[in-house]
Amino acid sequence: MADLQRRGFAGLRVVGDVHGDAVAFGHAVAGAEAEKLFLLQLGDLTDHGPDSPAVLRLIFGLIDARRGRFLLGNHDHKLRRALLGQRVHFAAEGLGRTLDQLAQAPDGPALSQRAIAEIAVAPAWLRLGTWFFVHAAWHPAMLTRPPPPDAGAQKPDPVVSRALFGLVTGRVQWDGYPERLHGWIDRIPAGMVVYCGHDVRSPDGRPYVQEGEAGGRAVFLDTGAGKGGHLSWIDLRW
């Protein structure tokens, strides 16, 4: 945080799952620049939406300008494996759409190689004071250990799995998505706020906030961008 303050940033713009919605992400990026906010995207940049290559161009531009970064999401992790030719199961309207878009983009090979490199080193979680950022779900062990520096290039260990996939039962819901549990929210320490995506929990299109029994709080920022919903973000100022 101190480094960002020294570099003149007034705070953070925390952006939920983008899933290929390049137009909305472009608005988030432009607004962050205008407000002098460092942009932190919570993972799942691609898949489903109309223009994943443009999303990648935007986030890579932010990284190069040192004005933003993204956390590791489960879709990012799978994209890297697919680009390396590893065997992965994916839906045609999800990762399949991203791979098709990259194949058709003039700079598709360069974007693919950059994605392989950036996803490999994307942090699986990040803490700034009482603010905590992770893609899917928090775990107490995240307070005592840093994320693996190469989490995006490795098979996830149990704590990284929590960060990428959340707390799941192993069962599949009626909508085809894994059944997810949210008891981890009750273990967030008092005064800490965990900002996450991954799970569309909002009933009204706005970020969903849940208070935990220990006094902490979770803010869910995935409101369905690229999948029939829209992109959400929250601005946090020092």
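The values are calculated or read from the model by the stated rules, or taken from the named source; none is laboratory data. These numbers come from a predicted model, not from an experiment. All Cβ positions, glycine included, derive from the backbone under ideal geometry; neighbour counts span all protein chains shown. Keep in mind that these areas ignore ligands, DNA and RNA; they rest on the heavy atoms of the full protein, side chains included. Shrake-Rupley method; radii C 1.70, N 1.55, O 1.52, S 1.80 Å.
Go through the residues of region 162-171 one by one and say whether even a single one is open to solvent by 50 Å² or more (accessible area, probe 1.4 Å) and either part of a helix (DSSP H, G or I) or at pLDDT 95 or above (or both). There is at least one residue in region 162-171 that is open to solvent by 50 Å² or more (accessible area, probe 1.4 Å) and either part of a helix (DSSP H, G or I) or at pLDDT 95 or above (or both).
Just the residues that are touching a residue at least 24 places away in the same chain (Cβ under 8 Å), under 21 Å from ASP17 (Cα atoms), open to solvent by 60 Å² or more (accessible area, probe 1.4 Å) and not β-branched (Val, Ile, Thr), please, taken from region 188-216. ARG206 - this is the single residue of region 188-216 that is touching a residue at least 24 places away in the same chain (Cβ under 8 Å), under 21 Å from ASP17 (Cα atoms), open to solvent by 60 Å² or more (accessible area, probe 1.4 Å) and not β-branched (Val, Ile, Thr).
Being assigned to a loop (DSSP other than H, G, I, E, B), open to solvent by less than 50 Å² (accessible area, probe 1.4 Å) and touching a strand residue (DSSP E or B) at 6+ places or on another chain (Cβ under 7 Å) is the filter; apply it to region 125-161 and report the residue that is nearest to LEU236 (Cα to Cα). The qualifying residue nearest to LEU236 (Cα to Cα) is HIS135.
When region 1-34 is limited to residues that are assigned to a helix (DSSP H, G or I) and among the β-branched types (Val, Ile, Thr), the one that is surrounded by the most Cβ atoms within 10 Å (Cβ to Cβ) turns out to be VAL29.
The residues of region 62-77 that are touching a residue at least 12 places away in the same chain (Cβ under 8 Å) and open to solvent by 70 Å² or more (accessible area, probe 1.4 Å), listed by number, are ARG66, ARG69.
Inside region 35-50, can you point out the residues that are over 15 Å from GLY73 (Cα atoms), assigned to a loop (DSSP other than H, G, I, E, B) and open to solvent by less than 10 Å² (accessible area, probe 1.4 Å)? GLY49, the sole residue that qualifies.
Scan region 51-69 and tell me whether some residue there is aromatic (Phe, Trp, Tyr), outside any loop (DSSP other than H, G, I, E, B) and touching a strand residue (DSSP E or B) at 6+ places or on another chain (Cβ under 7 Å). So far as region 51-69 goes, no, none of its residues is aromatic (Phe, Trp, Tyr), outside any loop (DSSP other than H, G, I, E, B) and touching a strand residue (DSSP E or B) at 6+ places or on another chain (Cβ under 7 Å). Within region 92-114, is there a residue that is hydroxyl-bearing (Ser, Thr, Tyr) and closer than 20 Å to ILE185 by Cα? The answer is no, given that none of the residues of region 92-114 is hydroxyl-bearing (Ser, Thr, Tyr) and closer than 20 Å to ILE185 by Cα. Entry remark, region 102-122: residues being out of contact with any Pro (no Cβ under 7 Å at 6 or more places or on another chain) and either surrounded by 22 or more Cβ atoms within 10 Å (Cβ to Cβ) or not charged (D, E, K, R) (or both) number 13 in total. Checking each residue in region 83-101 for being open to solvent by less than 50 Å² (accessible area, probe 1.4 Å), within 17 Å of GLY73 (Cβ to Cβ) and touching a Pro at 6+ places or on another chain (Cβ under 9 Å) picks out only THR98. Among residues of region 11-40 that are aromatic (Phe, Trp, Tyr), those with a Cβ under 6 angstrom from a residue that is open to solvent by less than 10 Å² (accessible area, probe 1.4 Å), sequence gap 6+ or separate chain, pair up as PHE25/VAL18; PHE25/VAL55; PHE38/LEU12. Note on region 180-205: among residues that are modelled with pLDDT under 95 and more than 21 Å from LEU164 (Cα to Cα), the one that is nearest to the chain's Cα centre (by Cα) is GLY205.
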